[in-house]
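To start, the structure under review is shown below, and the notes come after it.
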Amino acid sequence: MSDVHGFVAEGWETVADTFRANIKDGTDLGAAFCVYVDGRAVVDLWGGLADREQNRPWDRDTIALVASTTKGAVAICAHLLVERGELDLDAPVVRYWPEFGTAGKEDVPVRWLLSHQAGLPVVDSPLTFEEACAWAPVIRALESQKPLWKPGTEHLYHAQTFGFLVGEVVKRITGKSLGRFFADEVAGPLGLSAWIGLPEECESRVARLEHAPFPFDSVEGLANDFAAQIGIDPAMALEWLQTMYGPDSVNIKAGTMGGITSETMNRRAFRAAEFPGGNMFSDAHSIARMYAATVSDVDGIRLLHPETVAAMTQVQTDRTVTAPSQKWSSPRSRSLFVMGIP
């Protein structure tokens, strides 16, 4: 399936040519791509297959798991509350969520939840997939858990826990789950096809996840390419990759909470649950429209003031921990984590 459909404004034809080539040569099995400039779409394309097994084409209304793009939606929700004076980023989390204040977390400010500095990238307590989908067991575990490092001194990507931590603060303030608040305050007003907690009637629109082929013959080959990309020694790159992505690494544990795998991500239970760190389902047009509305007027709607956007895109930390006892640094290792958008 190499057909590509959609719209390209004058001057953006090269984008369409590249997108079409990626579909035709199999770089992308199926995909969609959209660009907004000054509040309007200038590129809106889709093509290929949404499901290889069923030979189902990628249509205009196909939606896909957008993974950690969900964190951007969560950050927008949090900053809507900031603008309304309902959330103070420098207030301790316990002001909104009293049960959080145990095991050395009493003084953790909300800001550190949004910038991955809370020391809670993994859930120590064993969780089943069903418990992770239920929300409350994750929250109870995070309430009692001791941070992996002193909060505010380091940061590490909170792949799944980010959404639970910030989502619970939003819930305590608004009385709504993060998915419900996003639907009411962002997706609804903008007319987005975007859900954190997918309605069952949208199941037929979902593109099926498949493993992408590994582009290198070995981890060493990946390390060499990585080293060349960022300008570090290949041996250092290999050590870093093994530390970050080895089977027992904090990063891998962070992303697989409750047994999340590519298989479980294709299940209705995962799609229906709220994992605000990474399980929004949407299309490219909606994602582009959402982000456009944070920085410009989109059909009369602007989500955040320019001052808010400027504040939320300030670097929060340059101290990175790759594992509780192992640090890696180089002239190019400075991590630019902003307020919820990695």
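The values are calculated or read from the model by the stated rules, or taken from the named source; none is laboratory data. In this text, all values refer to a predicted model and were calculated from it rather than measured experimentally. FYI the Cβ positions are ideal-geometry reconstructions off the backbone, even for glycines, and counts take in every protein chain you see. These accessible areas exclude ligands, DNA and RNA; they are computed on the full protein's heavy atoms, side chains included. Shrake-Rupley method; radii C 1.70, N 1.55, O 1.52, S 1.80 Å.
Projected onto the charge dipole of the chain (+1 at Lys/Arg Cβ, -1 at Asp/Glu Cβ, origin at the Cα centre), which of 67, 101, 272 gives the Cα projection farthest towards the positive end?
Of the candidates, 101 comes out farthest on the positive side.
Which helices count as membrane-span-like in the chain under these terms: full DSSP H, at least 18 Å along the axis by C-alpha, Kyte-Doolittle mean of 1.0 or more?
Once both thresholds are applied, what remains is 69-83.
Taking the highest mean first, how do the peptides 243-249, 172-178, 202-208, 161-167 order by number of other beta carbon atoms within 10 angstrom per residue?
Order by mean packing, descending: 161-167, 172-178, 202-208, 243-249.
Using 1/(1 + (r/R0)^6) with R0 = 56 angstrom and r between the beta carbons of residue 136 and residue 10, what's the FRET efficiency to the nearest 0.05?
0.60
Please work out the ratio of the alpha-carbon Rg of region 63-204 to 2.2 N^0.38 Å and round it to two decimals.
1.04
Distance from the Cα centre of region 1-63 to that of region 273-292, in angstrom?
Cα centres, region 1-63 to region 273-292: 17 Å.
Over region 195-295, with the other protein chains present, what is the accessible area per residue in square angstrom, probe 1.4 angstrom?
48
Straight-line reach only, C-alpha to C-alpha below 15 angstrom: list the aspartates and glutamates that residue 150 could link to, leaving out same-chain residues fewer than 8 apart.
Excluding near neighbours in sequence, the set is 106, 107.
For n ≥ 4 DSSP H runs only, could you compute -39500 (n - 2.57) per run for the chain, divide by its residues and tell me the 222 nm figure to the nearest 500?
Computed mean residue ellipticity for the chain: -10000 deg cm²/dmol.
My understanding is that a pair violates if its Cα-Cα distance is over 18 Å; which of 105/253; 71/171; 105/146 do that in this structure?
105/253
Could you give the size of the charge dipole of region 1-110 about its Cα centre, using +1 on the Cβ of each K and R and -1 on the Cβ of each D and E, expressed in debye and rounded to the nearest 20?
That gives a dipole near 180 debye.
Quick one: grab Rg to one decimal and Dmax as a whole number for region 172-214, Cα atoms only, in Å.
Here Rg and the maximum Cα pair distance are 14.1, 43 Å.
Below 8 Å between Cα atoms, with a sequence gap of 6+, how large is the relative contact order for the chain in percent?
The value is 23 percent.
With the cut-off at 1.5 for a/c, could you classify region 213-319 from its C-alpha gyration tensor as rounded, prolate or oblate?
Verdict is oblate for region 213-319.
Per residue, what volume in Å³ does the Cα convex hull of region 1-151 take up?
Per-residue hull volume (Cα only) is 179 Å³.
List the trypsin sites (Lys or Arg not before Pro) in region 59-154 that DSSP assigns to loop (not H, G, I, E or B) and whose Cβ has at most 14 other Cβ atoms within 10 Å. Which are they?
Passing both the DSSP loop test and the Cβ count: 60, 84.
Relative to 2.2 N^0.38 Å, what does the C-alpha radius of gyration of the chain come to as a ratio? Two decimals please.
Here the Cα radius of gyration is 1.01 times the empirical estimate.
For the chain, give the magnitude of the charge dipole about the Cα centre (Cβ charges: +1 Lys/Arg, -1 Asp/Glu; no others), in debye to the nearest 20.
700
Keeping the other protein chains in place, figure out the carbon and sulfur percent of the accessible area of the chain, with a 1.4 Å probe.
Result for the chain: 51 percent of the exposed heavy-atom area is carbon or sulfur.
Relative to the Cα centre, what is the charge dipole magnitude of region 130-289, using +1 at the beta carbon of each Lys and Arg, -1 at the beta carbon of each Asp and Glu, and rounding to the nearest 20 debye?
Dipole about the Cα centre, nearest 20: 680 debye.
Among 48, 292, 114, which residue has its Cα positioned farthest towards the positive end of the charge dipole of the chain, with +1 placed on the Cβ of Lys and Arg, -1 on the Cβ of Asp and Glu, and the dipole taken about the Cα centre?
Going by the Cα projections, it comes out as 114.
Taking amide H positions as placed 1.01 Å from N in the peptide plane, with prolines and chain starts having none, which residues 5 or more places from residue 258, or on another chain, fall under 5 Å of its amide H?
Those qualifying (amide H under 5 Å, at least 5 residues apart or on another chain) are 127.
What Kirkwood radius, in Å to one decimal, follows from the Cα pairs of region 232-288?
13.8
With every atom except the alpha carbons ignored, what do you get for Rg and Dmax of region 142-210, in angstroms?
In Å, with Rg to one decimal and Dmax whole: 15.9, 45.
Using +1 at the C-beta of Lys and Arg and -1 at the C-beta of Asp and Glu, which of 245, 226, 256 has the Cα lying farthest in the positive direction of the dipole of region 190-287?
256
Can you pull a Stokes-Einstein diffusion coefficient for region 172-274 at 25 °C (0.890 mPa s), Rh from Kirkwood over Cα pairs, as a whole number of µm²/s?
After rounding, the answer is 143 µm²/s.
Counting only C-alpha contacts under 8 Å and six or more residues apart, can you give the relative contact order of region 130-196 as a whole percent?
The value is 19 percent.
List the pair-distance distribution P(r) of region 65-137, using every Cα-Cα distance, as the percent of pairs falling in each 5 Å bin from 0 up to the bin containing the longest distance, rounded to whole percents.
3, 13, 18, 23, 23, 14, 5, 1
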